[in-house]
Each structure stands twice: as structure tokens, then as C-alpha cells.
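Down below is the structure, laid out as C-alpha cells.
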Amino acid sequence: MATHLLIVDDEPTILTTLQKALQLEEYSVDVAGGVKVADEKLKKRSYDLCLFDLQLPAGDRHSLLAGLRQ
């Protein structure tokens, strides 16, 4: 069974680089360019690990963390 990861960052280059690198290591990787997209993805599936930028410009990081805990 593949490990499912979610990467949340507002920098497209970071998202693409991390996604490609982790997929080469055979991880299943989803990306989100902001908190709203991440929230939507978290409602649809669970992830084994979430990596996210602590300084996202829009959205409530605290609600994202609460979603992760659920």
C-alpha cells in the first residue's frame, strides 16, 4: 500500500519539485496551492503525512491544523 502525502505551499515551483522528488521515491503525492484547496482534499481522503508552508498568505492555518488532527 502506498503512503499518501499532501503538500501545501503557495509556491508552484516548490510544489512541483517536492511532488516529483517524492513520486520518484514511490509515494502517492497530492498538492494544494493554499489552505482552501488543502481543506477540500482533507475532506475527501486521509493522508499519512502533510507538509505545509507555515507562512501561507491566505486562509486560516489553525483550521488546517484542526483538519489534520481529525
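Structure above, values below:
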item	result
Region 5-27 - residue that is of a type in the set (S, T, N, Q) and surrounded by 11 or more Cβ atoms within 10 Å (Cβ to Cβ) and, of those, nearest to LEU42 (Cα to Cα)	GLN19
Enumeration of residues in region 17-38 that are under 17 Å from GLN55 (Cα atoms) and basic (Lys, Arg)	LYS36
Residues located in region 28-59, provided they are open to solvent by 80 Å² or more (accessible area, probe 1.4 Å) and at pLDDT below 85	LEU54, GLN55, PRO57
Flag for SER28 being out of contact with any Cys (no Cβ under 8 Å at 6 or more places or on another chain), of a type outside the set (D, E, K, R) and closer than 18 Å to LEU65 by Cβ	no
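The values are calculated or read from the model by the stated rules, or taken from the named source; none is laboratory data. Since the structure is predicted, the reported quantities are computational estimates derived from the model, not experimental observations. In this analysis, Cβ positions are derived from the backbone assuming ideal geometry, glycine residues included, and neighbour counts consider all displayed protein chains. SASA here: full protein model, heavy atoms, side chains in, ligands and nucleic acids out. Shrake-Rupley method; radii C 1.70, N 1.55, O 1.52, S 1.80 Å.
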